[in-house]
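Below is one structure, written out as structure tokens, with a few remarks after it.
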Amino acid sequence: MNRTTTVKEGSVTRKWYLVDASGIPVGRLASQVAQVLRGKHKPTFAYNADCGDFVVIINAEKVALTGNKKDEVIHWHTGWPDGLRNVERGKLLQEDPEKLVSKAIWGMVPKTKLGHKIFAKLKVYRGSEHPHAAQNPEPLKVTKD
């Protein structure tokens with residue numbers, strides 16, 4: 001009879017991936033990166049363990065917003081009294097593209113302690129330069145279709 005194995009925190013091998021976001025729609029980028037962050041692409045995936053990989057996203061300012069999404073308004077609350085904030089996606093893309101990409105990916109990970117640990121492995125940068133060259137990130141193929 002086969003035994004069920006569980007993932008232990010020390011036995012997880014983590015890789016670093018590099019994603020070039022230029023020309024890729026935000027939602028497609030977010031869904032595929034969230035899968036890698038959670039570790040769902042690995043055969044050792046477990047819902048209760050952090051077994052995902054690190055992801056570095058470059059060229060966040062060149063990400064695509066399809067249709068009329070530039071005019072849509074994003075709402076969030078800061079957690080403080082009178083902390084309701086809203087901004088149009090197009091304006092957020094111009095002013096802070098890292099925040100736009102991060103918010104899209106945050107919407108696709110669990111909102112728990114484990115989700116915070118998973119989200120900490122995401123690194124988003126404007127431009128093609130990043131400080132993680134020492135980790136030798138492998139290019140991750142994110143499809144546009």
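The values are calculated or read from the model by the stated rules, or taken from the named source; none is laboratory data. Since this is a predicted model, take the numbers as computed values, not measurements. Cβ atoms come from the backbone with ideal geometry, glycine included; neighbour counts cover every protein chain shown. The area values use the complete protein model at the heavy-atom level, side chains included, leaving out ligands, DNA and RNA. Shrake-Rupley method; radii C 1.70, N 1.55, O 1.52, S 1.80 Å.
Between 0 and 90 degrees, the angle of helix 26-38 with respect to the longest Cα principal axis of the chain falls at about 30 degrees. In percent, how large is the relative contact order of the chain, given Cα pairs closer than 8 Å and 6 or more residues apart? Normalised by residue count, the contact order of the chain is 34 percent.
Per-residue surface analysis assigns D82 an accessible area of about 140 Å², computed on protein heavy atoms at 1.4 Å probe radius. Taking a quarter of the surface of the Cα convex hull of the chain gives a mean projected area of 11.0 nm².
Ranking of H130, H77 by solvent-accessible surface, largest first: H77, H130 (1.4 Å probe, protein heavy atoms only, all chains present).
In the chain, the DSSP-assigned H stretches of four residues or longer account for a calculated mean residue ellipticity at 222 nm of -7500 deg cm²/dmol, using -39500 (n - 2.57) per stretch and the full residue count as denominator.
A simple spin-label model places the labels of T66 and L84 3.1 nm from each other, with each point 7 Å out along Cα-to-Cβ. With a Förster radius of 35 Å applied to the C-beta separation of V7 and Q94, the computed FRET efficiency comes to 0.25.
Rolling a 1.4 angstrom probe over the protein heavy atoms with all chains in place gives the chain an accessible area of 63 Å² per residue. In this calculation the C-beta distance from R14 to K141 is compared with R0 = 22 Å, giving a FRET efficiency of 0.70. Remark: accessible surface ordering of D71, D53, D96 (largest first) is D71, D96, D53, probe radius 1.4 Å. Close amide H partners of V63, meaning residues 5 or more places away or on another chain with modelled amide H under 5 Å apart, are G23. Coupling constants for segment 2-10 follow from the phi torsions by the Karplus curve (6.51 cos²θ - 1.76 cosθ + 1.60, θ = phi - 60°), and in residue order they are 7, 9, 7, 9, 10, 7, 9, 4, x Hz; glycine and proline get x.
The length gained on full extension between K111 and Y47, counted as 0.36 nm times the residue separation minus their Cα-Cα distance, comes to 21.7 nm.
Computed with a 1.4 Å probe on the full set of protein chains, the accessible area for T13 sits at about 110 Å².
Database remark: amide H of V124 closer than 5 angstrom to the amide H of I57 (H placed geometrically; neighbours at sequence offset of 5 or more, or on other chains; Pro and chain starts carry no H). Taken as Cα centroids, segment 4-26 and segment 86-145 sit 13 Å apart, rounded to the nearest whole angstrom.
The long axis of helix 97-106 is offset from the longest Cα principal axis of the chain by roughly 50 degrees.
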